[in-house]
Amino acid sequence: MCHLFHGFLLLVLPEGRESREVKSGTNRRMESWQGIPYSGSSNTTDLTIGFISSAVAVVLFGSNFVPVKKFDTGDGMFFQWILCAAIWIVSLIVNLIQNSPRFWPLAMVGGFLWATGNVTVVPIVKTIGLGLGLLIWASFNLLTGWASSRFGWFGIDPEEVRKPVLNYIGAALSVLSSIIFLFIKSEVQSSSPSSESTPLLREQSINTSEYRVENRSDVSWVDNLSPLRKRMVGCFLAMIAGIFYGSSFVPVFYIKDHGRRNGTMYTGASQFDVDYVFAHFSGIFLTSTIYFLIYCAAMKNNPKVYPAAIIPGFISGTLWAIANCCWFIANHYLSAVVSFPIITAGPGFIAAVWGVLVFKEIKGLKNYLLLLIAFCIILAGSLSTAFSKV
């Protein structure tokens, strides 16, 4: 898989490191950080690379939990640590391919945000359920990532598109598609206690690794809350998780934007997003490890470990890491204001396709019609976002 990603990088990045850092790849920057004019003749190539990267990211994000579909992952803490270990190893390979670019510690903050949002999944599922939780955090993820880039939040430069109205429509349709998925019912028949009781569609998110919670889970602080408090806590955590997910790219954008300015500590920083993958993923693994150690201490050094989930979890993490690397590439060639609505909306449909064709979880004419409607909305949103760029 890593060799495939290496080949993909060589395919889409033939120009060499220096030229990549000179060229921005977005229409909003007609001049690069070195003052070299942007060449409009390469715009078509940039868009092609960006949309191919987005498509690969959507497929892999929608498929990365398939390897662990039939394995018990317990409370998710051990599984998320294995997944994050695989993520870091992929980033190490990418770092070597990129000839070890400068390591910016600030980029690790993005990894911290993602991993922190990720560990809230279990209490969210216990309080409001995975369906509502996924709807909330996916919507806030999309809106935070899109809006922060579009309007220049958190100290980054605002992204400009040629047709802003189409971009707004695309973002709105992407949110609407996630609401449609909430009404698609899945059926799962478990043959053993260790089999999953939660359908793949409802589990799937481009950001979450802790995708199921055991029905026999231990009593926790969540179980002592009243129904109203559970709903309030769950909704709040889901919003926080979505905001953290959507903000995870901001540190990289901040470094890049300030790298084009004189007199800052980031002056001259690389303008190629993949050069920040290693630092970003290192933040994910470090944060995940800290949370796992805290979990082990809370469990009095008796954590719930599921050996059968190690290899599937590693494969899942590898797929997620490659997908996220493609997202970095898409951010570079399309800008986040275009890539976010596409990449956050598409994986839900891919997961649904797995549920229909392979796992036979989604059945019935009503579900098929809803799935078709969701696909049409996703397609319309993606096309609107794409045409806002050209």
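In this simple spin-label model, placing a label point 7 Å from the Cα along the Cα-to-Cβ direction at both residue 153 and residue 363 gives a separation of 4.3 nm.
Ordering 100, 177 from the fewest to the most neighbouring beta carbons within 10 Å gives 100, 177.
Ranked by how many other Cβ atoms sit within 10 Å of their own Cβ, fewest first, the residues 314, 65, 340 fall in the order 314, 65, 340. Summary value for region 253-366: 17 percent relative contact order, contacts being C-alpha pairs under 8 angstrom separated by 6+ residues.
I'd like the FRET efficiency for residue 45 and residue 262, computed as 1/(1 + (r/R0)^6) with the beta carbon distance as r and R0 of 22 Å, rounded to 0.05. With R0 = 22 Å, the Cβ-Cβ based efficiency is 0.15.
Neighbour counts of other Cβ atoms within 10 Å put 153, 327, 81 in the fewest-to-most order 153, 81, 327. Computed from the alpha carbon positions, the gyration tensor of region 256-390 leads to an equivalent ellipsoid with semi-axes of 32, 30, 11 Å, biggest first.
Within the shell of other residues whose beta carbon sits under 13 angstrom from the beta carbon of residue 254, the net charge comes to 0, with Lys and Arg scored +1 and Asp and Glu -1. Label sites at residue 225 and residue 172, each approximated as a point 7 angstrom past Cα along Cα to Cβ, lie 3.2 nm apart. Using a 7 Å offset from Cα along Cα-Cβ at residue 298, what residues in region 124-168 end up with backbone N under 20 Å from the label point? Correct set: 124-130, 133-134.
Computed from the coordinates by the stated procedures, all read-outs in this text should not be read as laboratory data. Quick caveat: nothing in here was measured; it's all calculated off a predicted structure. Note that we place each Cβ from the backbone using ideal geometry, even for glycine, and neighbour counts take in every protein chain shown.
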